[in-house]
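Accompanying notes for the structure given below.
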Amino acid sequence: MRFLLSTLIVHAPDPVTGVQKSTSQRFAEVIEKALLAEQLGFDGFGVGERHERPFISSSPTVVLSHLAALTRRIRLFTTVTTLSLLDPVRAYEDYATLDHLSGGRLELIIGKGNGAAQRELFNVTPDDQWARNAESYEVFRALWRNPRVTAETRFRPPLHEAEAWPRPLQQPVRVWHGSATSRESVDLAARYGDPLFSANVTHAIGPYAELIRHYRERWAHYGHDPALATVGAASAGYHARPRSQDALAAYAPVFAGHLAMQRRMGLEPVFATLDDYVERSSALIGSPQQVIEKVHRYHEQFGHSVLNVQADAPGLPEAEHRASLELFQSQIAPVLRRDLPDPPWPWAPVLPAPQTPQSSEQELVP
């Protein structure tokens, strides 16, 4: 099994202290967490994309490009890229550039995105969001694989023998499809033989397990080898201590702060108590052995080979969160790596051989 840390770069008051850090401080924290993830041995670091409050992750390519310059080994994920809101040509140009800057360490998780405010900002409706996502992905996918692309499109000007530069480093880039509640993204992933990443954060396990079963069914329907169907899954929260009662005690004020925030927003909590949250949600809270056992229980239904852990822990002191991540890598990850399979491909990218220009003049020819 492989492990990611990821962040949506929430910019909101701390749920326990009420203190809100500056925008610059939040970005600095993201950089520190990415460096820590590489130092501790996580396999990937992800940055989401949202275009509304309380998130400041509207430019994941910029953030990931900065992280690419500061890291050497860790793979860089988008969690997720909201292709339904983006022009696929512009998205291709940004991510192909990032692919080179990262030395081929880029992986994409795409999705239609959530939130009414960002739909309004980009003039996207709930009725056309899925169609936009599929069309943008198909154009993006074609541009990545082909030097010239012709495409009849509904949501942007058609393309005729269009070229987009630079050409990417990875051929092709791996694209995961983020899945939360709908079968559309699941079917799109299965159709193209792409891996699926389950959001797995809001509800109990049932609806997510059902979508993953549907993915595997559609995968077989489209004629792909069942052994190659690949699933990743997120988790709703994480905090581990050597003793479970210490982990619960430390997390209790964090959970209480989140409950209060949900109620202020007029939302009915899915998990009304900490005990229920720990038992029925995907949150990994407790001793290392309890975390290991819970991941195993989820794996029985998901068959996932990649696990995403939240990089942020608002409400917990930073030193305590760091100690919890260190505990993950020292006592939890080694057991899960031993017990559960990796994805069915090499984790490091297989890059094309470098090409030597025949002359300096050819370098200048468009």
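For His177, are the conditions met, namely being farther than 29 Å from Asn123 by Cα and either over 22 Å from the mean Cα position of the chain (by Cα) or not in a helix (DSSP H, G or I) (or both)?
no
So, in the range 151-174, how many residues would count as being touching a Pro at 6+ places or on another chain (Cβ under 8 Å) and either touching a residue at least 12 places away in the same chain (Cβ under 8 Å) or buried (at least 19 other Cβ atoms within 10 Å of the Cβ) (or both)?
Result for the range 151-174: 8.
Could you list, in sequence order, all residues of the range 115-170 that are assigned to a loop (DSSP other than H, G, I, E, B), under 25 Å from Ser102 (Cα atoms) and not aliphatic (A, V, I, L, M)?
Listed by number, the residues that qualify are Asn146, Pro147, Arg148, Glu163, Trp165, Pro166, Arg167, Pro168, Gln170.
Filtering the range 96-114 down to residues that are in a helix (DSSP H, G or I) and in contact (Cβ under 8 Å) with a residue 60 or more places away in the chain, which residue is farthest from Ala180 (Cα to Cα)?
The selected residue is His100.
Does Leu35 count as under 24 Å from Gln329 (Cα atoms), under 14 Å from the mean Cα position of the chain (by Cα) and part of a helix (DSSP H, G or I)?
no
Assuming Pro195 fulfils every condition listed in (1) in contact with a Lys or Arg (Cβ under 8 Å, 6 or more places away or on another chain); (2) farther than 24 Å from Asp99 by Cα; (3) in contact (Cβ under 8 Å) with a residue 12 or more places away in the chain apart from one, which condition is it?
Single failed check for Pro195: (2).
With respect to Glu93, determine if the residue is part of a helix (DSSP H, G or I) and either in contact with an Asp or Glu (Cβ under 6 Å, 6 or more places away or on another chain) or more than 20 Å from Trp176 (Cβ to Cβ) (or both).
yes
Okay, residues lined up against (1) modelled with pLDDT of 90 or more; (2) surrounded by fewer than 12 Cβ atoms within 10 Å (Cβ to Cβ):
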position	(1), (2)
Ser324	yes, no
Ala333	yes, no
Leu336	yes, no
Asp342	yes, no
Pro349	no, no
Ala353	no, yes
Ser360	no, yes
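Of everything in the range 271-313, what is buried (at least 22 other Cβ atoms within 10 Å of the Cβ), more than 21 Å from the chain's Cα centre (by Cα) and part of a loop (DSSP other than H, G, I, E, B)? Give them in sequence order.
none
Take the residues in the range 238-266 that are in contact with a strand residue (DSSP E or B) (Cβ under 6 Å, 6 or more places away or on another chain) and not in a helix (DSSP H, G or I), then tell me which one is surrounded by the fewest Cβ atoms within 10 Å (Cβ to Cβ).
Tyr238
Looking for something without any contact (Cβ under 8 Å) to a residue 24 or more places away in the chain, basic (Lys, Arg) and either out of contact with any Ser or Thr (no Cβ under 9 Å at 6 or more places or on another chain) or assigned to a helix (DSSP H, G or I) (or both) - is there at least one such residue anywhere in the range 44-63?
no
Would you be able to tell me the number of residues in the range 1-30 that are in a helix (DSSP H, G or I), over 14 Å from Pro54 (Cβ atoms) and either among the hydroxyl-bearing types (Ser, Thr, Tyr) or touching a helix residue (DSSP H, G or I) at 6+ places or on another chain (Cβ under 9 Å) (or both)?
Residues meeting the conditions: 4.
So is Thr71 in contact with an Asp or Glu (Cβ under 6 Å, 6 or more places away or on another chain), buried (at least 17 other Cβ atoms within 10 Å of the Cβ) and of a type outside the set (Asp, Glu) or not?
Judged against the criteria, Thr71 is a match.
Can you confirm whether the range 315-332 contains a residue that is in a loop (DSSP other than H, G, I, E, B), charged (D, E, K, R), in contact (Cβ under 8 Å) with a residue 60 or more places away in the chain and at negative phi?
no
The values are calculated or read from the model by the stated rules, or taken from the named source; none is laboratory data. Everything quoted here is computed from the prediction, not taken from an experiment. Here the Cβ is made from the backbone with ideal geometry for all residues, glycine too, and neighbour counts use every protein chain on show.
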